[in-house]
């Protein structure tokens with residue numbers, strides 16, 4: 001299965017050598033995101049040697065570890081994902097989709113995705129699962145490399161994916177229900193999700209849309225039209241709005257508390273005699289690796 005070159009450097013010199021050979025930008029991923037320090041992001045696009053130095057120092061100061069990966073150029077329609085369930089002997093459910101927007105843009109979790117059948121890609125992944133004799137639910141992220149036309153595997157997550165509800169058929173069949181039916185000795189039956197079915201993550205998609213707008217890849221009308229057409233939301237449900245309300249309160253608190261926390265950090269550094277940094281290159285490089293990780297090794301792909 002084609003994949004980008006990657007490296008888990010043991011020293012700063014090895015990290016520098018890999019990045020120089022692969023060419024900037026490179027993708028930096030925390031090997032242990034659950035041990036990330038304050039302000040570390042699980043996945044970041046590293047654009048220069050100075051930013052790599054900042055990322056290395058941040059990982060050295062904590063226990064998170066750093067993996068570097070060749071950056072596959074991003075573009076509209078290039079990010080794909082596969083969700084499936086394989087029981088004993090064969091894959092019982094296999095679905096492909098396109099990640100239209102992600103947070104961070106082109107390098108993070110899916111904020112808006114669509115179900116798009118891709119038989120060739122589906123068959124390649126199913127073949128991989130067969131060769132591994134994999135059992136269970138799988139969530140894979142892939143990117144089509146425009147330089148050679150190949151779909152390259154970015155992440156193989158041996159677990160449920162955050163956007164699994166995108167692939168839900170009219171009868172309610174998804175990978176969770178497929179696993180339940182198979183493990184309880186029942187036949188996995190049900191209609192597959194329709195092509196074009198879409199899924200939105202309400203708390204991340206506005207941030208994602210802003211990034212795509214700044215890049216000139218998304219307009220306001222197109223964004224609003226996609227929201228109106230969304231078939232399923234991560235948080236909102238008409239029959240139970242409490243999770244959505246709690247999410248809104250939590251995001252509101254983050255918006256209010258983050259400037260206060262930053263001001264407290266700045267005061268703490270000046271109190272111990274460390275001068276405040278001006279918002280130049282070093283701060284921008286640090287910001288690339290900053291921000292709370294969303295899980296899963298958020299990634300270059302989901």
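Relative to the longest principal axis of the Cα atoms of the chain, the long axis of helix 12-22 makes an angle of roughly 60 degrees. Seen against the Cα atoms of the chain and their longest principal axis, helix 242-271 is set at about 20 degrees.
Here the label points at residue 48 and residue 20, each 7 Å from Cα along the C-beta direction, are separated by 1.8 nm in the simple model. Summarising the label geometry, the points placed 7 Å from Cα in the beta-carbon direction at residue 148 and residue 12 lie 3.3 nm from one another. Between residue 255 and residue 120, the simple spin-label model (points 7 angstrom out along Cα→Cβ) gives 4.4 nm.
Taking the number of Cβ atoms within 10 Å of each Cβ as an exposure proxy, the fewest-first ranking of 257, 226 is 257, 226.
Computing Rg and Dmax of the Cα atoms in Å directly from the structure and comparing it against (1) 19.8, 64; (2) 20.5, 68; (3) 18.4, 56 singles out (2).
Taking Cα atoms, how many degrees apart are the long axis of helix 119-132 and the longest axis of the chain, rounded to 10 and kept between 0 and 90? Long axis of 119-132 versus the principal axis of the chain: about 80 degrees.
Each reported figure results from applying straightforward, stated rules to the coordinates on display, with no laboratory input. Just so it is clear, the structure is predicted and the values come from calculations on it, not from any experiment. For neighbour counting, all protein chains shown are included, and Cβ atoms are generated from backbone atoms with ideal geometry for every residue, glycine included.
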